[in-house]
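The values are calculated or read from the model by the stated rules, or taken from the named source; none is laboratory data. Everything quoted here is computed from the prediction, not taken from an experiment. So basically every Cβ, Gly included, is an ideal-geometry build from the backbone, and we count neighbours across all protein chains shown.
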Amino acid sequence: MLIKSFHMRTALITGVSKGIGKAEAQKLLAEGFHVFGTSTTGKIDYAHKNLQIIPLDLKSSESIAACASAIAKTKTMFNVVINNAGVLLDDEDTVLIPEKLRATLEVNLIGTAEFTERVLSSVKKEGIIVMTSSTAGSLQLAETADHYPLHYPAYKISKAALNMYMRTLARRLRDTGPIVLSVHPGWVKTDMGGEEADTTPEEAAEDIYHTIVSRPKNGVFLFRGRHIPW
């Protein structure tokens, strides 16, 4: 059941140039939000009067600092932060390649965590911070051979680690807010998910929006409102 009295009007979303991030930005704009979005180039192929785009390369501490500084100068306080940007660099690999692991962790974990920490003071205490994770990061589900192939080990490791960052941040903020959680968007038709995926970016964005406005518990890992095993 949605809590209609929870009025959110500002959102910060990473990686809005395409895929789920683009759909999330457009969904929140349609709901009346003012959205700050990021892309690596600072450019996207759509526009809206309530949309502001800032360059952000999560591989670069300098870029993260510059983005966070630009956000701070606007003095905007956010109701919602969605850490959407991420990479899948070892889709076809079944053996871990250290170089790909390092590159994956730079974006999916280290860059995301650094960015979150830098913008934390711009999040309202009653706000929500969302980590876009994956069931690929579930240790329990990884034990089921039928559920998970051996492919993309670096990506799986990065999402398991991102979930732990989420849990540590949620615990740290549990008495002061904001709420912090991880969401699995589903298998989505994006450059990462491929055309065979069973969910559109718009469907994933709709689900994440409903998760946000339902005010979930702090520190949970959800897919369509249901808890995912750790």
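Per-structure values
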| read-out | value |
| --- | --- |
| Tally, over the stretch 50-67, of residues that are under 20 Å from the mean Cα position of the chain (by Cα) and part of a helix (DSSP H, G or I) | 6 |
| Among residues of the stretch 114-147, those that are under 29 Å from Trp187 (Cβ atoms), of a type in the set (Ser, Thr, Tyr) and without any contact (Cβ under 8 Å) to a residue 60 or more places away in the chain, counted | 3 |
| Among the candidates Ala70, Ala47, residue that is in a helix (DSSP H, G or I), modelled with pLDDT of 95 or more and out of contact with any Phe, Trp or Tyr (no Cβ under 6 Å at 6 or more places or on another chain) | Ala70 |
| Among (1) part of a helix (DSSP H, G or I); (2) within 16 Å of the chain's Cα centre (by Cα) - the single one Arg102 does not satisfy | (2) |
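The rows are residues; the columns are (1) surrounded by 14 or more Cβ atoms within 10 Å (Cβ to Cβ); (2) under 24 Å from Val188 (Cβ atoms).
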site	(1), (2)
Thr14	yes, yes
Gln26	yes, yes
Ala47	no, yes
Ser61	yes, no
Ala72	no, no
Val81	yes, yes
